[in-house]
1. About the Cα centre, and with charges only on the beta carbon of Lys, Arg (+1) and Asp, Glu (-1), how big is the dipole of the chain? Nearest 20 debye, please.
2. Quick one: if you stick a label point 7 Å off each Cα along the C-beta vector at K33 and N90, how many nm between them?
3. Give the lysines reachable from K78 as a straight Cα distance under 29 Å; neighbours fewer than 8 places away on the same chain don't count.
4. List the chymotrypsin sites (Phe, Trp or Tyr not before Pro) within region 127-223 that fall in a DSSP loop (any state other than H, G, I, E or B) and whose Cβ has at most 15 other Cβ atoms within 10 Å.
5. Which value, in Å² rounded to 10, gives the accessible area of H142 with a 1.4 Å probe and all protein chains present?
6. Heavy-atom accessible area of R155 with all protein chains present, probe 1.4 Å, nearest 10 Å²?
7. Given (i) 12.9; (ii) 15.1; (iii) 11.3 as candidate values of mean projected area of the Cα convex hull in nm², which corresponds to the one derived from the coordinates?
8. Over region 101-197, what is the relative contact order in percent, taking alpha-carbon pairs closer than 8 angstrom and at least six residues apart?
Amino acid sequence: MPLARISGSDERIEIRKIFCIGRNYADHAKEMKAAIPEAPVFFLKPATAVVGDGELISRPHISKELHHDVEMTVLIGKGGKNILRGNAFNHVAGYGVGLDMTLRDIQSEAKKQGLPWTLAKGFDTSAPISSFVSLDMVTDPHDLDNQLRVNGTKRQRSNTKHFIFKVDELIAYISQFFTFERGDISFTGTPEGVASTVSGDRLEAQLCTPTGTVLASLTVSVQ
């Protein structure tokens, strides 16, 4: 199983379930021509989708449209079920940045037919993740810049203050239906600006404080 790393620590945590939140930025929902949700929308990726910093993303041959979605990620350090929103941060080990790589043409076809998104979202290498900065290093997870450059050009940038559903709300909501385990990861939704990637593209993602301090970074390339 892949391992999550907390920066400045020798600790390694086995990655288990990966939850991904859809449409958590209003502007992204609009660009996808989708309604703003009244409750969190989420889906799962397998742990086998994970790749780390410096690794490669591979597009399955059945797709011609591989999109990038940059997102803040949350590492669960303490499991639980029916977690109260007021206790949610007691279950967080740290924050990072990741890419929810999407086979957009496959996803669009699945939507038309009312089929699951599993292939479009969960294929091998579809979940690049950075190492995680520990919880105590982040003053406010809802005031962080989330950004992506492709071949040096800015593609996506926003701030987590624009979340429709905050981190603690997401943890409380998901834990009603799925038991969180230590090593689970939650992607928290992508801002506007999603776009296609091609072979040879270099993707550089960062999670930063409002003053520009880099908390987590990730660089991967498309094979």
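1. It comes to approximately 420 debye.
2. Output for this residue pair reads 4.7 nm.
3. Hits, sequence-local ones excluded: K17, K45, K121, K161, K166.
4. On the way: sites: F132, F163, F165, Y173, F177, F178, F180, F187; in loops: F165, F177, F178.
The qualifying sites are F177, F178.
5. Around 30 Å² of this residue is reachable by solvent.
6. Approximately 80 Å² for this residue.
7. (iii)
8. Working: 67 pairs, mean separation 18.4, N = 97.
Normalised by residue count, the contact order of region 101-197 is 19 percent.
The values are calculated or read from the model by the stated rules, or taken from the named source; none is laboratory data. Since we're looking at a predicted model, the values are computed, not measured. Quick reminder, even Gly has a Cβ in these numbers, built from the backbone with ideal geometry, and neighbours come from all protein chains shown. Accessible surface is based on the protein model in full, side chains and every heavy atom, while ligands, DNA and RNA are left aside. Shrake-Rupley method; radii C 1.70, N 1.55, O 1.52, S 1.80 Å.
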